[in-house]
Amino acid sequence: MRQEEWKNMNQKNNKSVLMDNPFISIFRGNIGIIGVLVIMCVIVTIATDKFLTTNNIISVLRQISINTYIALGMTLIIILGHIDLSVGAIVAMSGTLTVGFIVTQGLPIGPSIIVGLMLGTIAGILSGAIVSVFRVPAFIITMAMMNVCNGIAYVYSGGQSTRITDEFFVAIGNGYIFDRIPLPVVYMTILIIVISFVLGKTKFGTYVYAIGGNREAARLSGVPIKKVEIIVFTLSGLLSAFAGLVLCSRMYSGQPSVGDGYELDAIASCVLGGTSMSGGKGRISGTVFGAMVIGIISNGLNLIGVSSYWQLIVKGLIIACAVLLDSQKGRLSALKKKAAK
């Protein structure tokens, strides 16, 4: 009897260890998007032999990193039940003005970078404050902020790109660690770990889910809704500004049109990764896998020689399908709850 009891206890302990393993839980929680990712890799590998080369993998990782910075902030916003259309414009504004401060105004690199990041942060604060205090739909406010930020970038630069060759600035987006790992991928890894910890292991993360799940219940529970919303939009603005800095460094120039379409890619990454557009549900790991799918689609279509115009159509269809699936899952869960009652 004792041997059987010990055997049962060991089996239970092994199961609990497996369940507690973060890698196992990430796989179980994202099995759908991981399956899509594997299928995409197989299709692209069959279509072109250039996909699995070292240079192309590094290129894909760099491309994914820029979108991931933005998508991390977008995930928090969508979990709250909002949307942010200004992220691409903040990318353009922060990057263009930072390069302009260094090249045109002759300011030191450090202060220029700080000011560029602050501009994106301020844009996020303004959007968050208006949304939370005046209860204006985030869709409207962030669309207005998108126009403002795009306008600032174009007015400042006169619609022209500004080239920069400063070694320190260029190394931000083109440097390597150990001559192998691109710095943008290092930044991405650090940000994923930090945001995942904040969302999953802190009281602030609990507040974000609570507000997105049921705003009124969160308010009655004493959750500081306005404060949380402002902080989330601020983080989104800061991450978008950082993405603009790294992107302009990679491109050796500040371009006012550089952020076009990044809000689309960020939203697509979140929705593909399982973040619910109705709020209250989502995980950072899913967003990362979603960003990988978007990056592989873009890279694969480029390698095959598909026009960038067709790529827009493909991405749009992907978002539409993901939103439809999300809505159907919501309906099914609601029907199950009714049936259980």
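Under a 5 Å amide H cut-off, with hydrogens placed 1.01 Å from N, Y176 pairs with L183 among residues at least 5 apart or on other chains. Look at the alpha carbon pairs under 8 Å that are at least 6 residues apart: their mean separation over the length of the range 93-196 gives a relative contact order of 27 percent.
When only alpha carbons are used to place a centre, the range 116-136 and the range 256-331 end up 25 Å from one another. How charged is the neighbourhood of S236? Take every other residue with its Cβ under 14 Å from the Cβ of S236, and add Lys/Arg as +1 and Asp/Glu as -1. Surrounding charge for S236 is -3. Quick one: of K201/K315; K50/K315; K50/K281; K50/K201, which pairs are farther than 30 Å apart, Cα to Cα? The answer is K201/K315; K50/K281; K50/K201. For the chain, the longest principal axis of the C-alpha atoms and the axis of helix 225-251 are separated by about 50°. Database remark: amide H of I83 closer than 5 angstrom to the amide H of A138, F139 (H placed geometrically; neighbours at sequence offset of 5 or more, or on other chains; Pro and chain starts carry no H). Amide H contacts under 5 Å for S276: K281, G282, restricted to partners 5 or more places along the chain or on a different chain, H placed in the peptide plane at 1.01 Å from N.
Converting phi to 3J(HN,Hα) with the Karplus coefficients 6.51, -1.76 and 1.60 and the offset θ = phi - 60°, the range 286-300 yields x, 4, 4, 5, x, 5, 5, 4, 4, x, 5, 4, 4, 5, x Hz in sequence order, with x at every glycine or proline. Accessible surface calculations at 1.4 Å, restricted to protein heavy atoms, place the chain at 52 Å² per residue. Sequence-ordered 3J(HN,Hα) estimates for the range 194-204 from the Karplus curve with 6.51, -1.76 and 1.60 and θ = phi - 60° stand at 5, 5, 4, 5, 4, 6, x, 10, 10, 5, 4 Hz, glycine and proline given as x.
Distance between the 7 Å Cα→Cβ label points at Y176 and Q311: 2.4 nm.
Considering only alpha-carbon pairs that sit under 8 angstrom and 6 or more positions apart, the relative contact order computed for the range 18-165 is 26 percent.
The values are calculated or read from the model by the stated rules, or taken from the named source; none is laboratory data. Quick caveat: nothing in here was measured; it's all calculated off a predicted structure. Please note: Cβ atoms are built from the backbone with ideal geometry, for glycine as well, and neighbour counts cover all protein chains shown. When the accessible area is computed, the model is the full protein with side chains, heavy atoms only, and any ligands, DNA or RNA have been set aside. Shrake-Rupley method; radii C 1.70, N 1.55, O 1.52, S 1.80 Å.
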